1. Restricting to the range 26-56, what's the tally of residues that are basic (Lys, Arg) and in a loop (DSSP other than H, G, I, E, B)?
2. What's the number of the condition Cys130 fails, among (1) surrounded by fewer than 18 Cβ atoms within 10 Å (Cβ to Cβ); (2) assigned by TED's automatic domain parsing to the domain that holds Thr196?
3. Does Val268 qualify as being farther than 20 Å from Asp100 by Cα and either at pLDDT 80 or above or in contact with an Asp or Glu (Cβ under 7 Å, 6 or more places away or on another chain) (or both)?
4. Spot the failing condition for Asp306; the list is (1) at pLDDT 80 or above; (2) loosely packed, with under 10 Cβ neighbours inside 10 Å, and only one is missed.
5. So, of the residues in the range 101-118 that are closer than 18 Å to Leu153 by Cβ and surrounded by 20 or more Cβ atoms within 10 Å (Cβ to Cβ), which turns out to be modelled with the highest pLDDT?
6. Restricting to strands (runs of 3 or more DSSP E) lying wholly in the range 128-210: which have 1 or more residues that are closer than 25 Å to Pro74 by Cβ?
7. Need the failing condition index for Leu283 against (1) under 25 Å from the mean Cα position of the chain (by Cα); (2) at pLDDT 80 or above; (3) over 17 Å from Arg125 (Cβ atoms), just the number.
8. I'd like the residue in the range 39-51 that is of a type in the set (A, V, I, L, M) and within 14 Å of His26 (Cα to Cα) and, out of all such residues, is surrounded by the fewest Cβ atoms within 10 Å (Cβ to Cβ).
Amino acid sequence: MHISGADLFLCASYIYNHYCDCKDQHYYLSGDKISDVLCLPVDKVNRITPVLACQDRVLRVLQGSDLLYEVEVPGPPTVLALNNGNGGDSGEEIVYGTSDGKLGLIQIAASKPTPKWEIGNEKKRGGILCIDSFDILGDGVKELLVGRDDGVLEIYNFESADDPALRYDHAFSESIASIQGGCVGKDGYDEILASTYSGWLTGLTTEPVHREGGSGEELKLSQEMQSKISSLRNELEHLQIKVLQEREKYQQSSQSSTAVSSVPAFSVNDKFTLNKDDASYSLILEVQTAIDNVLVQSDVPIDLLDVDKNSAVVSFSSCDS
């Protein structure tokens, strides 16, 4: 979904719809599954130009209900974002991320596209799920914030006028569903907020967390910091008490003669992708609760490879003939 003024752009798996003032305007049926939709800023380009990111490695640029042209990208695009949040100086620049971890910038002109730069995935990191632009370094130039499905958050800055360079990265334990830069916790200190698959909201701040004093000096916590620590402790104690109460409630209900046991329903985020460089497959599973065991059953012999991102303890059992 994308909103631009009174215009609403919606996409299902294969269908694109454009509404203006809640009235249906245009319709398009895509040849492959749509991952994301975006529209160039109308106040800059003076035209409505929707762009569809499709799974067949193509960006489809529309004009009304018709296809204007297609742009091939190096991987299946998963997310689109306006460069610098406004499309750049021309308003026609779009940053895209792919499911195989590549990042690129394309200028969507009225007649033809112009690729600007492209960043590969030499470190074999996860696919890109979210992109934002924010000046987190305070140098007057917006950095590119990238969130990946393997939990890696990256910050790219533009030291040169051409290609962005990786300035900082941080690894979370879950895939990053959304990312945003802004000032949240304390005035004067910018932050990057990341939302993960299970609902955790984590902030990376520019505020110094360690303060050093000279010899013989004692570091004292400010009143604001003391109240913040006290509030967090009280909140933690409240959550612990609530968990104990719910656990006791479940124990009492399970011991009842009329109790019925049922398996709770939860969604599973699974991904099984081919790594074309070493001809291996990566299996990624995410659920909103702790995982104790994963059973993999195969009709053919398989080799389990040990990689840096693997946190599983593997055990083998032969099949019954």
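1. 2
2. Looking at each condition in turn, Cys130 falls short on (1).
3. Against the criterion (farther than 20 Å from Asp100 by Cα and either at pLDDT 80 or above or in contact with an Asp or Glu (Cβ under 7 Å, 6 or more places away or on another chain) (or both)), Val268 qualifies.
4. Result: Asp306 passes all but (1).
5. Ranking the qualifying residues of the range 101-118, first place goes to Leu103.
6. In the range 128-210, the matching strands (runs of 3 or more DSSP E) lie at 128-134, 143-148, 152-157, 165-171, 176-186.
7. (3)
8. Here the answer is Ile48.
The values are calculated or read from the model by the stated rules, or taken from the named source; none is laboratory data. All values reported here derive from a predicted model rather than from experimental measurement. A quick note on method: Cβ atoms are made from the backbone with ideal geometry, for glycine too, and the neighbour counts reach across all protein chains shown.
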